[in-house]
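Peer 1: I'd like to ask some things about the structure below.
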Amino acid sequence: MIDRRAFLMASAAVLALGAVPLATRAQQPAKPARIAWLGFSSPEAVGHLTDAFKQGLRELGHIEGKNVLFEFRWALGKAERLPDLAKELVALKPDVIVVTTTASALAMQHATTTIPIVMTSLGDPVASGLVKSLARPGGNITGFANLNVETQPKLIELLLTVIPGLSRVALLRNPSNPTHGNLLNLQTVAQKMNVKLVLMEAQAPADIEYAFALMSREHTGAVIVHADSFFLQQRRQIAELVSRNRIPSIFASREYLEPGCLMSYGVNLSDQFHQSATYVDKILKGAKPADLPVGQPTKSELVINMKTAKALGLTIPQSMLLHADEVIQ
């Protein structure tokens, strides 16, 4: 006959052994969140923007390799690759997807209507059909918009400040960019300033070469380059061409100035990518994209490259230098 005390001790031991796996499972760390990233260009072209986004996540407690994992896909400037890359990322079932351009956002929108999508710095997402409104996105997409159409007239004004009497300005745009269709606002402003806009289009490196050759033949006194991921990827080619053709240039972001272009006026892309991390953070904590209003930049920055100005023989007014957010010597 089994002693009652021995039986109770044996039972307690069995219960204790059975409890170990449960306790162990309870102490297991949460599964890392998986963040997918669909980029239009290449990691080399926009690596500093990716770093800014990751830094934003780190500040919010999301550490790569610890509690978040990344899945990057890059179209390398080829829009036709985006649909397949979008499907590939959706198949991985990530917790959230980050898109960096309107083209990549549209490809991802077609691939999924359920996985949350965060925009980093896109053109007008309402006009592109990505969200119902900025205040109430409505679907599975939210993030940051970059409504640079409001800053475009300022680009002409800045060129006229540096080049009084300027009468012909080339406008380089990408015809495949869905946000480049409406030029009425810019053309209206140009007419009021007695400036003729000469439209140039490029969606391949050879097109950019041809466009700059055409600028010389058209005797344009300056060039405005539309905000576009393809142009951002080709910024060193563009910088070499503006230098070779000695044509003053202005852009919507400062990334073009380091290779040697003249001026930029627009949002700070690094800041927007950094702030986009807050959307990912909120979604990982349970928020729905439909309930998160689309963010917009609150400030445009003026950056001037004085080395390029001197090379072009241009004098930048002191008043303009005082108002610049950054002057590159």
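Peer 1: Once you list every other residue whose beta carbon is under 10 Å from the beta carbon of ALA202, what net charge do they have if Lys and Arg are +1 and Asp and Glu are -1?
Peer 2: -3
Peer 1: In what sequence, highest mean first, do 90-102, 314-326, 250-262, 124-136 appear when ranked by Cβ atoms within 10 angstrom?
Peer 2: 250-262, 90-102, 124-136, 314-326
Peer 1: To test your reading of the geometry: what angle, between 0 and 90 degrees and rounded to tens, separates the Cα axis of helix 102-111 from the longest principal axis of the chain?
Peer 2: That helix lies at roughly 40 degrees to the long axis.
Peer 1: Also, quick follow-up: Pop the C-beta distance of ARG246 and ILE63 into the FRET formula with R0 = 51 Å and round what comes out to the nearest 0.05.
Peer 2: E(calc), rounded to 0.05, equals 0.60.
Peer 1: Something else: Out of all DSSP beta bridges with both ends in the chain, state the antiparallel percent to the nearest 5.
Peer 2: 10
Peer 1: So who's got an amide H within less than 5 Å of the one on GLU71, skipping anything under 5 residues away but keeping other chains? H placed 1.01 Å off N, in plane.
Peer 2: Here the answer is ILE35, ALA36, TRP37, since their amide H atoms fall under 5 Å of that of GLU71.
Peer 1: Calculate the length of the line joining the C-alpha centroid of segment 270-290 to that of segment 121-136, in whole Å.
Peer 2: 16
Peer 1: Which log10 I(q)/I(0) values, to two decimals, does segment 171-329 give at q = 0.11 Å⁻¹ under the Debye formula with one point per Cα?
Peer 2: Evaluating at q = 0.11 Å⁻¹ gives log10 I(q)/I(0) of -0.52.
Peer 1: Average the reciprocal distances over every distinct pair of alpha-carbons in segment 157-219, invert the result, and give the Kirkwood radius in Å.
Peer 2: 12.7
Peer 1: Amide H to amide H, which residues 5 or more places from GLY123 or on other chains are under 5 Å from it, using H placed in the peptide plane?
Peer 2: Result for GLY123 returns THR102, ASN146.
Peer 1: Moving on to the next point. Taking a label point 7 Å from the Cα of ASP325 along the Cα→Cβ vector, which residues of segment 281-313 have an amide N closer than 17 Å to it?
Peer 2: 295-306
Peer 1: In addition: Once you have the alpha carbon radius of gyration of the chain, what is it after dividing by 2.2 N^0.38 Å, with N set to its residue count?
Peer 2: Rounded to two decimals, the normalised Rg is 1.30.
Peer 1: What are the ³J(HN,Hα) values, in whole Hz, obtained from phi via the Karplus relation 6.51 cos²θ - 1.76 cosθ + 1.60 with θ = phi - 60°, for each residue of segment 121-126 in sequence order, with x given for Gly and Pro?
Peer 2: 6, 9, x, 5, x, 6
Peer 1: What percentages, rounded to whole numbers, describe P(r) for segment 106-219 computed over all alpha carbon pairs with 10 Å bin width beginning at zero?
Peer 2: Histogram of Cα-Cα distances, whole percents per bin: 12, 34, 30, 18, 7, 0.
Peer 1: Still on this structure, I have one more. LYS310 to ALA206: FRET efficiency via 1/(1 + (r/R0)^6), r the Cβ-Cβ distance, R0 35 Å, to the nearest 0.05?
Peer 2: 0.70
Peer 1: According to the square roots a ≥ b ≥ c of the eigenvalues of the Cα gyration tensor, what is the shape class of segment 59-144, taking rounded for a/c under 1.5, prolate for a/b larger than b/c otherwise, and oblate for the remainder?
Peer 2: Verdict is oblate for segment 59-144.
Peer 1: Show me, for segment 310-316, the HN-Hα J-couplings you get by feeding each phi into the Karplus relation (A = 6.51, B = -1.76, C = 1.60, θ = phi - 60°), rounded to Hz, glycine and proline as x.
Peer 2: Calculated HN-Hα couplings, in order: 5, 5, 8, x, 9, 9, 8 Hz.
Bear in mind that the values in this text are calculations on the coordinates, not laboratory data. Nothing here was measured: the structure is a model prediction, and the numbers come from that model. Neighbour counts run over all protein chains shown; Cβ positions are idealised from the backbone, glycine included.
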